[in-house]
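The values are calculated or read from the model by the stated rules, or taken from the named source; none is laboratory data. Predicted, not measured: the structure shown is a model, and the values here were computed from it. Glycine gets a Cβ as well: all are built from the backbone with ideal geometry, and neighbour counts include every protein chain shown.
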Amino acid sequence: MDRSASIADVIDTNLSGLEALKSALKTPELATALNDALTLIADMKGRLIVAGVGKSGLIGRKLAATFSSTGTPAYFVHPAEASHGDLGMIHSNDVIMLLSWSGETKELSDILGYARRFGVPVISITGGKGSTLARSSDAPLVLPKVDEACPHNLAPTTSTLLQLAIGDALAITSLKMKGFTEASFRDFHPGGKLGAALTPVSDIMHQGDDIPTVDIDAPIMQVLGEISRKTLGIVGVINKDGILQGVITDGDIRRHLEASSEGSMKEAMWNTHARALMTPGSILIEPERLSARALHVLQSNKISAAFVVKDNKPIGVVTLMQLLTMGVA
């Protein structure tokens, strides 16, 4: 068996399935059902209850997690557990989303019956046009029949990919409808790299006594001392009103000393002042900027640190090493 060819065949089959789904989005039936599903999710007062069995159930668990993390309260209920008491957690202000490729999964019948009795709206994701599940749904998302990537056309592969794709599309569209922002995202992802990336710079910047600043007329010797004490490799040059006028880096000082090596060291260190060495119009960062965006600013400008300012006054410093150590990426 040519293993590389087999892998390519599977990917090609999955791509063909996604293309079929993309084409189906233009049909009135699926377009209307998707709009109905989005309206049900947007208007619901409770939670999105997701259920499925087997591979569809695994996709359902993932979709429930995606909806929950993007601002739509969602919960996965296993159909077997639902039949043994968990139906009681489903309320009339919820919306149910059921996944079954055939649309005839017997284990979903109790949930469907419960939904009918208590008027709970049902969204279905299925490949079974005219199936029991599709006919019993308020928003039947009937996906195109596709060949599975399995050579026997048996193992759920391409079909589960389509279920996942349409479910993710619903979750992300709902996110956009809610106006869910990057800041909102952080509320649901406070940990790990994603939490670090979505943390405002104001929460992690060096501040207070750790901010390296010197007066605009300070001699270079004083600038060097401030850089050495604060160890951030940068110093802000301020005027008498505390307004940031420019920055000086340790590299600026090294280059200044190299250029002055043939002259008097006293002249270089004491008779040269910050205003002569600073770089005006430096890269600045707003305190509300997310850490991931701050990292992009530093990397794209090839600098190792930047001042965080408010009303043109330095209130903090953020460094490239600091962001990378936090796991921002």
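Taking interchain pairs and intrachain pairs at least six residues apart, which have beta carbon atoms under 8 angstrom, with the first residue in the stretch 307-329 and in contact (Cβ under 8 Å) with a residue 40 or more places away in the chain and the second charged (D, E, K, R) and in a helix (DSSP H, G or I)?
Qualifying pairs under 8 Å: Val317/Asp210; Gly327/Lys193; Val328/Lys193; Ala329/Lys193.
For Thr13, indicate whether it is in contact with a helix residue (DSSP H, G or I) (Cβ under 8 Å, 6 or more places away or on another chain), touching a residue at least 12 places away in the same chain (Cβ under 8 Å), more than 21 Å from Asp110 (Cβ to Cβ) and outside any helix (DSSP H, G or I).
So Thr13 does not fit the description; no.
Just to be sure, is Ser184 at pLDDT 95 or above and polar (S, T, N, Q)?
No: the conditions fail for Ser184.
Residues checked against (1) outside the structural domain of Pro140 (by TED's automatic domain parsing); (2) more than 16 Å from Gly127 (Cβ to Cβ); (3) surrounded by fewer than 20 Cβ atoms within 10 Å (Cβ to Cβ):
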{"residue": "Asp9", "(1), (2), (3)": "no, yes, yes"}
{"residue": "Lys26", "(1), (2), (3)": "no, yes, yes"}
{"residue": "Leu30", "(1), (2), (3)": "no, no, yes"}
{"residue": "Arg47", "(1), (2), (3)": "no, yes, no"}
{"residue": "Gly52", "(1), (2), (3)": "no, no, no"}
{"residue": "Lys55", "(1), (2), (3)": "no, no, yes"}
{"residue": "Ala64", "(1), (2), (3)": "no, yes, no"}
{"residue": "His84", "(1), (2), (3)": "no, yes, yes"}
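Which of the following residues is hydroxyl-bearing (Ser, Thr, Tyr), within 19 Å of Val214 (Cα to Cα) and crowded, with 19+ Cβ neighbours inside 10 Å: Ser282, Ser291?
Ser282
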